[in-house]
1. Check Gly122, Gly135, Gly141, Gly98 and return the single one that is touching a Ser or Thr at 6+ places or on another chain (Cβ under 7 Å), over 19 Å from Ile73 (Cβ atoms) and crowded, with 17+ Cβ neighbours inside 10 Å.
2. Working only within the stretch 1-46, note down all residues that are over 18 Å from Ser94 (Cβ atoms) and among the aliphatic types (A, V, I, L, M).
3. So is Ala161 buried (at least 23 other Cβ atoms within 10 Å of the Cβ) and under 13 Å from the mean Cα position of the chain (by Cα) or not?
4. How many residues does the stretch 1-39 contain that are surrounded by fewer than 23 Cβ atoms within 10 Å (Cβ to Cβ) and in a strand (DSSP E or B)?
5. Could you list, in sequence order, the residues of the stretch 105-123 that are under 18 Å from the mean Cα position of the chain (by Cα) and either free of Cβ contacts under 8 Å to residues at least 24 places away in the same chain or outside the structural domain of Ile11 (by TED's automatic domain parsing) (or both)?
6. Could you tell me whether the stretch 102-111 includes any residue that is in contact with a Leu (Cβ under 7 Å, 6 or more places away or on another chain) and surrounded by fewer than 24 Cβ atoms within 10 Å (Cβ to Cβ)?
Amino acid sequence: MKIRTPSRIHITLIDLNGKIGRVDGGVGFALENPFIRIRAKESDEVVVKGDWENVDRFKEVAELFFEKFKRGIEIKVLESYPSHVGLGSGTQISLAVGRAYCKLYDIDMTDREIAKFTGRGGTSGIGVAVFEYGGFVLDGGHSIDEKASFIPSSFSKAKPAPLIARHDFPDWDIYLFLPNVKGFYGMGEKDLFEKNTPLPIEEVRELSHIILMKLLPSVVEKNLDEFGDSIYRIQNLGFKRAEIMQYGNLISGFIEEMRDYGAVGMSSTGPAIYFIGDSGGLSVGKDYFRERGYGLEVVKTKPRNRGAEIEV
């Protein structure tokens, strides 16, 4: 059997204050490319093949299922993309491997149960939702009764956040700028949460207002100008601002340089940047990083308005 997943843009977390009784919340959308694709079959042990730098992550997930259910699996990683760049490979790997294992052995686990079992989706539910449905998604975060602290998904035991809105994303060309910069994850990401939470309630309210009354309508009405203005405002608010400032002025300077050409923002904790707009901005964006001595990969992609594909 084969499984192909989306990747995702994580626009922002929403509430890292918690005064109203919930924390986290998130908004983002699915991408066609890059993606995870695996081929899997039954085996007596865990075997993972593939010439990809993060192939060990596939094996780690497979071994979790082997330890619980005592059945092996052979996985060939046909396509992957780098970890810790802000495009959500960890969740897609976990769900792809978990779904393959459950299909092969007729194990009754939902995608959300797989995510919780593999330790994914405990802060943001965006990666799980795009695996399920694709498109533009908004999740409702977690009750403080379930999750009372501000921590990244890799340290959280909470179940994936509930999906509260989903729409098709407009058929706009999307460009990913992937500078050769080390991303933040693990203890570095945990420290980011500890140093920047709780956020002022006024910023959470402003961000919520922008999402509800500007960002969501711009997606439904396919209004790129409004979408771009929404994204720009979000980059300068709340936890997203803290995520960007980890890179000093590098990412914030790029956003300022590109804002007149279209919608531009950093995905998750970065360093991946998404750009939707005038193709004339591509040369400006490329020059920005090269003039500063950074290697750069640019990927042209499209939104993905469907979830993962499973071919038995």
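The values are calculated or read from the model by the stated rules, or taken from the named source; none is laboratory data. Quick caveat, the model's predicted, so the values are computed rather than measured. Please note: Cβ atoms are built from the backbone with ideal geometry, for glycine as well, and neighbour counts cover all protein chains shown.
1. Gly122
2. So the first thing to find is which residues in the stretch 1-46 are over 18 Å from Ser94 (Cβ atoms), and the list is 9, 11-25, 27, 29, 32-33, 41-45.
The answer is Ile9, Ile11, Leu13, Ile14, Leu16, Ile20, Val23, Val27.
3. So Ala161 fails the test.
4. Residues in the stretch 1-39 being surrounded by fewer than 23 Cβ atoms within 10 Å (Cβ to Cβ) and in a strand (DSSP E or B): 5 in total.
5. Asp111, Ile114
6. There is at least one residue in the stretch 102-111 that is in contact with a Leu (Cβ under 7 Å, 6 or more places away or on another chain) and surrounded by fewer than 24 Cβ atoms within 10 Å (Cβ to Cβ).
Yes or no, residue by residue, for (1) touching a residue at least 24 places away in the same chain (Cβ under 8 Å); (2) closer than 23 Å to Leu296 by Cβ:
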position: Glu206; (1), (2): yes, no
position: Ser218; (1), (2): no, no
position: Ile234; (1), (2): yes, no
position: Ala242; (1), (2): yes, no
position: Ser252; (1), (2): no, yes
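Rundown of residues vs (1) in a loop (DSSP other than H, G, I, E, B); (2) of a type in the set (D, E, K, R); (3) touching a Leu at 6+ places or on another chain (Cβ under 6 Å); (4) over 22 Å from Val61 (Cβ atoms), yes/no style:
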residue	(1), (2), (3), (4)
Glu146	yes, yes, no, yes
Ile151	yes, no, no, no
Ser154	no, no, no, no
Lys159	yes, yes, no, no
Arg166	no, yes, no, yes
Pro170	yes, no, no, yes
Tyr175	no, no, no, yes
Leu178	no, no, no, yes
